Amino acid sequence: MKGQILGTGIKLGVFEVVDTEPKPVEEIITTLDIDPNHGYRFLRALSHLGVVNEAGGTFSLTSSGKLLTEDHPHTFKDYFLLEVSQMNYSLWSQLPSLIEDGEQNTYVREFGEPLFDYLDSNPEVASLFNDAMESYSRLQGTEIQELLNDFEITEQSHICDIAGGYGYLLCDFLSTRQSLTGTVFEQPEIVEQEAQHLATEFGVADRCSYVAGDMFEAVPSADVYFLKHIIHDWSDTQAIQILTTIREHAPDDAQLVLLEHVLPESNSSHFGALYDIQMIVWTTGRERTPDEYASLLEQSGWEHNETTFGKNNLLGAIKATPT
Ligand SMILES: C[S@@+](CC[C@H](N)C(=O)[O-])C[C@H]1O[C@@H](n2cnc3c(N)ncnc32)[C@H](O)[C@@H]1O
C-alpha cells in the first residue's frame, strides 16, 4: 500500500509541484489537474507517510519527499518507479513458486529470456532499469564515498568500473581525485547512450572513457577495479567466471573492490537479507557474507584482504589483490 501510494505520487508529479514552502491545497490540486476530493485524500495519505507536511490548508515537501524529486542530487525517484512498475509486480508474483521449487529463473519464466538479454531486446524497459540503477547509486553516493575515503590508491592510477552503468560511482570518485583516470566498462547498449553518461555532469569527461564489452569474455587492463552490485547479480559459477576474466586482464599489483550489501557472518538482522530475496526474484545471484566472497575470490585468482563496512552498515567494501 505504501509503495503504491508513493509510486502514484511520483507518477502524478506531486513531488515536483508541492514545494518546501507551504502551498495551498487548492493550488496544488489545480496545478496537478486532479480531482479535488481524491486529490486532498491522496495528499493527506502522503502526509501520513512523511513525504509531505499538512498544515492549515497547505502542504509542503519534507526532506524525505525531496528525495523523490527529479532534481535532488541523491534522488531515489527512478529506483522507486522500477519498484512499482508492472514488470516488477509480475516478477514478484513468481516468488512463491521460486521458494517452493528452488529455481531462480523468473525472467525466463515471465519473459522467455534472462534479465540482461531481455533488457537488450527491450530498450524502454532497459531505460527504466538503468535509470533506476543510477538512482540507487545517487542514493548510496555519500555512503560509498565514505567507504572509499580510506582506500589507499597510488596517484596516476587508472580505475575501471566493471559494469558501471552510466558511470555515477566512477565519475563521483574521479571528481574528488584529480590525478586519477578511469574507464566505465559496460555493455554496448549503455556505452552507445552518450547523452546519459555522467562524466560531463561531474566534470571528468577528459579523464573518463566508456568502453563496451562483455565482462565474461574480456575487460580492460587497470590498476584498480570497482564492481558495485555486480557479483550479487550472478550465481557462484558465473561470479567466478567474471572474477577470473578480470584476473586474466589485471596486472599483478592490481586492486579489486567489490561494493555489495554484504551479509554479516552472524545471523544478526541485516538489510541484505531482504535484498537477497530481490536477487532471487530478479537474478541468478545472491547476497553473500565476507567468507562467501573470500571463497569466490580464492577460486578466481584473488586473495581477499579485508571487508570494511559503511557507517550505517548497509554496504560493505570487499578488497582483494591477485594471489
Ligand atoms: C545491477 S546493475 C549495476 C550497475 C552499476 N554498477 C551500479 O551499481 O549502479 C548491473 C550492470 O551490469 C551490466 N552488465 C550485465 N551484463 C554485463 C556483461 N556481460 N558485461 C558488462 N556489463 C554487463 C548491466 O548493463 C548493468 O548496468
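The values are calculated or read from the model by the stated rules, or taken from the named source; none is laboratory data. Source: prediction; values computed, not measured. Glycine gets a Cβ as well: all are built from the backbone with ideal geometry, and neighbour counts include every protein chain shown. The protein model used for the area step is the full one, side chains on, heavy atoms only, and it has no ligands, DNA or RNA in it. Shrake-Rupley method; radii C 1.70, N 1.55, O 1.52, S 1.80 Å.
Miscellaneous remarks
- Qualifying position, being under 25 Å from HIS72 (Cβ atoms), in a loop (DSSP other than H, G, I, E, B) and not assigned by TED's automatic domain parsing to the domain that holds TYR107, among PHE202, PHE173: PHE202
- Test: PHE116 is within 12 Å of the ligand (Cβ to nearest atom) and open to solvent by less than 60 Å² (accessible area, probe 1.4 Å): yes
- For region 49-90, filtering for residues that are without any contact (Cβ under 8 Å) to a residue 24 or more places away in the chain and open to solvent by less than 40 Å² (accessible area, probe 1.4 Å) leaves 4.
- Qualifying residue in region 244-258 (condition: within 17 Å of the chain's Cα centre (by Cα) and not basic (Lys, Arg)): yes
- Residue within region 138-147 that is in a loop (DSSP other than H, G, I, E, B) and within 13 Å of the ligand (Cβ to nearest atom) present: no
- Sole exception among (1) surrounded by fewer than 15 Cβ atoms within 10 Å (Cβ to Cβ); (2) modelled with pLDDT of 95 or more for MET1, by number: (2)
- Applying a threshold of 6 Å to beta carbon distances and a minimum spacing of six or more residues, or different chains, the list of pairs starting in region 177-192 at a residue that is within 13 Å of the ligand (Cβ to nearest atom) and ending at one that is at pLDDT 95 or above and among the aromatic types (Phe, Trp, Tyr) reads VAL184/TYR210; VAL191/TYR210.
- Taking the listed residues ASP206, ASP172, the one that is of a type in the set (D, E, K, R) and crowded, with 17+ Cβ neighbours inside 10 Å is ASP172, with no other qualifying.
- Filter result (touching a residue at least 40 places away in the same chain (Cβ under 8 Å) and open to solvent by 30 Å² or more (accessible area, probe 1.4 Å)) within region 119-145: ASP120, PRO123, LEU128, ASP131, MET133, GLU134, LEU139, THR142
- Qualifying residue in region 221-238 (condition: touching a Leu at 6+ places or on another chain (Cβ under 7 Å), touching a residue at least 24 places away in the same chain (Cβ under 8 Å) and open to solvent by 50 Å² or more (accessible area, probe 1.4 Å)): yes
- The number of residues in region 162-176 that are aromatic (Phe, Trp, Tyr) and away from the ligand (no atom under 11 Å from the Cβ) comes to 1.
- Note on region 287-313: residues that are within 16 Å of LYS228 (Cβ to Cβ) and open to solvent by 60 Å² or more (accessible area, probe 1.4 Å) total 1.
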